[in-house]
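The next block holds one structure in the form of structure tokens; read it before the comments.
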Amino acid sequence: MYSFTLERATTTADAVKLAAAGAKVLAGGQTLLASMKLRLSDPGQLVDLAGIKELAGVKRDGNRFVIGAMTRHADVAANAELKAALPVLADLAAHIGDRQVRAMGTLGGSVANNDPAADYPAAVLGLNATIHTTQRQIEADDFFLGMFTTALQDDELITAISFPVPKCAAYLKFKQPASRFALIGVMVAQTDGGVRVAVTGAGNGVFRHADLEQALSKDFTPAAAAAVTIDTADISGDIHATAAYRANLISVQTQRAVASLLR
């Protein structure tokens, strides 16, 4: 690990100033610290957000849940009101990584990092969430730009994410057994704006599958999902799974998600 300095911000404003001056933001640190240990990252200066109380917590706001960016995965998973009204999100959080990861990892850190196999981006995109930052509000469809790339500016921090409560939703993940990231994860949600299907683990980042959405909007059944051909052209293949295998998993997980919502 290269040498670095650590600043512990106590307010969002202080964190923004440090980030604007070039400091790298430290949220849960599940990706950043690992890359630093391997000398793949040399930030020089870190600003730790853990002491900013205003960035953590879960609250209900009408038909939405507003979750602070520094809310730990374990706290999302354990929140009683969330488990009752938006169980798909609590359950997703409960199956991220292992206990150690869930105890330290944060919602905002995961979404800002935008790992192509992370779970939370599928929830944000599939549930049509809104990302609140220190500068603006960004709709989910405009936020994720590609592998480890988002619409955030260098001095812009996520403060919270608001999730509308859908009519129904399910998230199914086929885990990569070593990392527990999604080999393929599929979020299916019936929302006021129609059916949304978000896929993670298949390529350069989370994406909506338009053909599955169209098919399920006409006929919300596993058979309708099964009839959709999943194109392998933009799906990644690696030592863990071929593009064809991942394409099949997208279909299977979507069918299973729909079936679970019809019980």
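The condition (being in contact (Cβ under 8 Å) with a residue 40 or more places away in the chain, surrounded by 19 or more Cβ atoms within 10 Å (Cβ to Cβ) and in contact with a strand residue (DSSP E or B) (Cβ under 6 Å, 6 or more places away or on another chain)) is satisfied by just one residue among 246, 256: 246. Pairs meeting the criteria (first residue in the range 24-44 and within 23 Å of residue 55 (Cβ to Cβ), second residue in a loop (DSSP other than H, G, I, E, B) and of a type in the set (Asp, Glu), beta carbons under 8 Å, at least 6 apart or on different chains) are 31/115; 36/42. Among the conditions (1) among the charged types (D, E, K, R); (2) touching a helix residue (DSSP H, G or I) at 6+ places or on another chain (Cβ under 6 Å); (3) within 29 Å of residue 185 (Cα to Cα), the only one that residue 91 does not satisfy is (2). Report yes if residue 13 is assigned by TED's automatic domain parsing to the domain that holds residue 81, assigned to a helix (DSSP H, G or I) and loosely packed, with under 13 Cβ neighbours inside 10 Å, otherwise no. Criteria met by residue 13.
Applying the selection to the range 22-67, what residues are of a type in the set (A, V, I, L, M, F, W, C) and surrounded by fewer than 17 Cβ atoms within 10 Å (Cβ to Cβ)?
33, 34, 38, 40
Residue 79 passes every criterion in (1) surrounded by fewer than 20 Cβ atoms within 10 Å (Cβ to Cβ); (2) more than 24 Å from residue 146 (Cα to Cα); (3) not acidic (Asp, Glu) apart from (1).
Consider residue 70 carefully, then state whether it is over 19 Å from the mean Cα position of the chain (by Cα), in a loop (DSSP other than H, G, I, E, B) and not acidic (Asp, Glu). Answer is no for this residue.
Selection of the range 25-34 for residues being touching a Gly at 6+ places or on another chain (Cβ under 9 Å) and either more than 14 Å from residue 153 (Cβ to Cβ) or assigned to a loop (DSSP other than H, G, I, E, B) (or both) yields 26, 27, 28, 29, 30, 31, 32. I want to confirm something. Restricting to the range 59-82 and keeping residues that are charged (D, E, K, R) and touching a Lys or Arg at 6+ places or on another chain (Cβ under 8 Å), which single residue is nearest to residue 98 (Cα to Cα)? Here the residue is 72. Output yes when any residue across the range 125-145 is more than 24 Å from residue 13 (Cα to Cα) and touching an Asp or Glu at 6+ places or on another chain (Cβ under 8 Å), and no when none is. Checking the range 125-145: at least one residue is more than 24 Å from residue 13 (Cα to Cα) and touching an Asp or Glu at 6+ places or on another chain (Cβ under 8 Å).
Selection of strands (runs of 3 or more DSSP E) fully inside the range 101-217 by the criterion of at least 2 residues being modelled with pLDDT under 95, buried (at least 24 other Cβ atoms within 10 Å of the Cβ) and hydrophobic (A, V, I, L, M, F, W, C) returns nothing.
The values are calculated or read from the model by the stated rules, or taken from the named source; none is laboratory data. All of these numbers come straight from a predicted model, not from anything done at the bench. All Cβ positions, glycine included, derive from the backbone under ideal geometry; neighbour counts span all protein chains shown.
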